[in-house]
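The values are calculated or read from the model by the stated rules, or taken from the named source; none is laboratory data. For clarity, every value in this text was computed on a predicted model and none was experimentally measured. Please note: Cβ atoms are built from the backbone with ideal geometry, for glycine as well, and neighbour counts cover all protein chains shown.
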Amino acid sequence: MGTAVYCTAASGAQASEIVDRLRIAGFASRDISVLMPDSAETRRFAHQEGTKAPEGAAAGAGTGILAGGALGWLAGIGSLAVPGLGPLIAAGPILAALTGAAVVGTVGGIAGALIGMGIPDDEARQYENRVRSGNALISVHTDSAPEAARAKEIFSLAGASDISTAAETTAHTM
């Protein structure tokens, strides 16, 4: 079991900068998650980078999204719609958590997915409110205390807010 380090970014540009810093520091794309509103600012920033992400990558919104630069490097980037929150762009492990029918339909959207990923209830609701207000949520999986400290330092140096850690939970399969 590892630790996830979380933060919020005030804009798509800041989120992209943070993801790029994580990539340069050696974190794998499969270990990084990003969740942000699919807004005009996000699309404008991504369009300037010039890379088109695969259309229909996730259930939900049904339209293609543009993602460039560091965000285009992430695994499984897609768009989805969460009831009460509208269209979102998601990438990494959080995308899988949110696209599960049980999470979106019954557990409570973003907060439910985050609680299922090991984030305490109060923090999960705080992160959902931050995304609802236009911020990006970024997380990175770490396997050691030094990696977690390095991720926290990257978040801090990039001006991220709401930096915290949570022990990750593992899914049990039958």
field: Considering residues of segment 128-149 that are buried (at least 18 other Cβ atoms within 10 Å of the Cβ) and among the charged types (D, E, K, R) only, the residue modelled with the highest pLDDT
entry: Glu147
message: Criterion first (under 17 Å from Ser33 (Cβ atoms), at pLDDT below 65, over 13 Å from the mean Cα position of the chain (by Cα) and hydrophobic (A, V, I, L, M, F, W, C)) does Val82 satisfy it?
response: no
statement: All conditions in (1) touching a strand residue (DSSP E or B) at 6+ places or on another chain (Cβ under 7 Å); (2) in contact (Cβ under 8 Å) with a residue 60 or more places away in the chain; (3) in a helix (DSSP H, G or I); (4) surrounded by fewer than 22 Cβ atoms within 10 Å (Cβ to Cβ) are true of Ser156 except (2)
